[in-house]
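Derivation of every value follows stated rules applied to the coordinates shown; laboratory data play no part. If you're wondering where the values come from, they're calculated on a predicted model, not measured in any experiment. So basically every Cβ, Gly included, is an ideal-geometry build from the backbone, and we count neighbours across all protein chains shown.
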């Protein structure tokens, strides 16, 4: 985990956000809501060993990241639930846009952490780094029943 500037871009969890995630003590399945904005051209300067022979778009680099990590995600008990084209927000800052929305299901918070720490899986992280200009990641847990109050 690394530190992100206070105003973004946000590319990885900070140590504090990682601690906060663990302290939440989420029970049962965890759904990760990902909002992603891609670079026009992928930047492989942080992972030159993964760079293709010729420049590719950020979205293409992210496709490579998904192809690499999806088997590890499934092996850890998770799955990719949804990929959707983004765009401008209907409610929110007018200047904000997200190219891709992704929902990832994991069987538990512990399984997510195990997946995220798998060195073979992380070997492809350079594709994500090359692809993403900015991102948001929101861990979600299901409310078991709604009785008129959200607690």
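Quick look at the values:
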read-out: Selection from segment 13-54 of residues that are closer than 14 Å to residue 127 by Cβ and not in a strand (DSSP E or B); value: 39, 42, 43, 44, 45, 46, 47, 48, 49, 50, 51, 52
read-out: Number of positions in segment 42-65 that are over 22 Å from residue 118 (Cβ atoms) and either loosely packed, with under 14 Cβ neighbours inside 10 Å or touching a helix residue (DSSP H, G or I) at 6+ places or on another chain (Cβ under 6 Å) (or both); value: 9
read-out: Tally, over segment 66-82, of residues that are surrounded by 14 or more Cβ atoms within 10 Å (Cβ to Cβ) and in contact with a strand residue (DSSP E or B) (Cβ under 9 Å, 6 or more places away or on another chain); value: 7
read-out: Search result, residues across segment 83-95 that are surrounded by fewer than 12 Cβ atoms within 10 Å (Cβ to Cβ) and either touching a helix residue (DSSP H, G or I) at 6+ places or on another chain (Cβ under 6 Å) or not in a strand (DSSP E or B) (or both); value: 90, 91, 92, 93, 94, 95
